Structures are given as C-alpha cells and as structure tokens.
Amino acid sequence: VVNKDRVATANQQLVQDKFRAGIIYAKAAIADVTLKAAYAAVATGNQTAFNRAFMDFHQAPSFVGEPDLSAYSGQVGDGILVKVTDDFRVSEVKVRLEDAVGTLLEGGDAVMQTDGLTWAYSASTEQATIAGLKFQFKAYDLPGNETVKTITL
C-alpha cells in the first residue's frame, strides 16, 4: 500500500533528487552516439549504456595514494604527479597552489599521462619558500563529480 500523502524527509528528498538527476544525465549521455558507445563498451552482463552512465553519475573519481611532490622544490617547471581513477573516465584534474594564508599563487590543468592513471602538472611560478604551501587537486569525471585532495608542505 502506497501512502500518497506521505511527505519525504529532507534526507529522502536529497536521495530522490540525486536519483532524478542521474536519470537526466544518463538520458543525455546515451543521446550522444559516441558517449553511448563508450558507456556500452564498459557495460557488463545485462547492463546497458544507460545503466553505466547512471552508475557513473553516482560515483566520483578517487585519488590513488598521495600526490607525488618529490620533484617539487619551488622552481618553474618542477613536476607534480597525481594518480586518479574513476569507474568510467576522469575528464580533468586541476591543480591549485596557495600560500599559507590561502592566497592563490598559481594553478592550472594537469595533463593525463599515457598510463591513463597519472596526471602531471608543471609549476609555472618560482616560490622562494615552500614550507606551508598548499597544493589542492580537484579531479572531475564526465558527469561533473568532483573529488578534492589538499596537501600542505
């Protein structure tokens, strides 16, 4: 028996809204022929491209281990590596460098490496002192889910 007068709690409404948004994303994804084919290619068993797109909407990227800052010494061109994975595809990784009080010093896009897991960023400004610097890494997948990791030197 369904109670049509039932009012969803705030938490239930959030779940329903996210579910609804996932359906909207999956419908849009399979309307794109190339994206539909990509989702279909990773579908398993009885899954469809729609199912995989819906699942992707509900799964944010994740960082694998800690970012590799071992080559960073505050010089222009110093390399920073971060590994990110997703249940489907990581679409972009952004890097932001701030001083100890949160002032933006530099930032930009990391570049995916040939292994498909590692993203590289090259420093574009020189920093005389690196103690206290904060690196913020933001990873995104195709539906726009965001995962953030911050490291303070």
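Observations on the structure shown:
- Listed values for the stretch 27-41 are Karplus-derived 3J(HN,Hα) couplings in whole Hz (6.51 cos²θ - 1.76 cosθ + 1.60, θ = phi - 60°), namely 5, 5, 5, 7, 6, 8, 4, 5, 5, 4, 5, 5, 5, 4, 5, and x replaces Gly and Pro.
- Taking Cβ atoms as reference points and 15 Å as the exclusive limit, the residues near Gln136 contribute a net charge of -2, counting Lys and Arg as +1 and Asp and Glu as -1.
- For the chain, the Rg and Dmax computed from alpha carbons only, in angstrom: 19.8, 69
- Note on the stretch 8-137: lysine pairs with Cα distance below 16 Å, sequence gap of 8 or more or different chains, count 4.
- Farthest toward positive dipole pole in the chain [+1 Lys/Arg, -1 Asp/Glu at C-beta], among Leu105, Asn3, Val84: Asn3
- Net dipole in debye of the chain [+1 Lys, Arg Cβ; -1 Asp, Glu Cβ; about Cα centre; nearest 20]: 800 debye
- Put in line by how crowded their Cβ is, counting other Cβ atoms within 10 Å and starting with the fewest, Asp68, Asp141, Asp86 read Asp68, Asp86, Asp141.
- Computed E for Ala21/Lys134 - FRET, C-beta separation, R0 41 angstrom, nearest 0.05: 0.85
Read-outs throughout are calculated quantities, based only on the coordinates presented, and are distinct from any laboratory measurement. Keep in mind it's a predicted model, so treat the numbers as computed, not measured. Note that we place each Cβ from the backbone using ideal geometry, even for glycine, and neighbour counts take in every protein chain shown.
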